Amino acid sequence: CHHVTGECSCPPGWTGHDCKHPCSGGRWGRGCANACACDGGDGGCDPATGTCSCQPGFTGQHCQ
């Protein structure tokens, strides 16, 4: 928490007043500010790193 305001500074992939909520589907990073860049299969991505989670039948960095 910030030493003056008391506001939580959530680690990448987490959000909310108390940082207990993972980023919603399709979002990742600090403040959930980044959009997942995953293509085919729509497996989503890791909320902290943005690494794509490919559905069966899809491979590659962006599940292309």
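The values are calculated or read from the model by the stated rules, or taken from the named source; none is laboratory data. Remember, it's a predicted structure, so these values are computed and weren't measured experimentally. Methodologically, a virtual Cβ is constructed for each residue, glycine included, from the backbone with ideal geometry; neighbour enumeration extends over all protein chains shown. Protein only, heavy atoms only, side chains kept; ligands, DNA and RNA dropped before computing areas. Shrake-Rupley method; radii C 1.70, N 1.55, O 1.52, S 1.80 Å.
Observations on the model:
- Exclusive hit being at pLDDT below 85 and part of a loop (DSSP other than H, G, I, E, B), set Cys38, Cys63, Cys1, Cys19: Cys1
- Residue that is open to solvent by less than 80 Å² (accessible area, probe 1.4 Å) and in a loop (DSSP other than H, G, I, E, B), where the choices are Gly31, Gly50, Gly57: Gly50
- Any chance Gly6 is modelled with pLDDT under 90 and touching a Phe, Trp or Tyr at 6+ places or on another chain (Cβ under 7 Å): no
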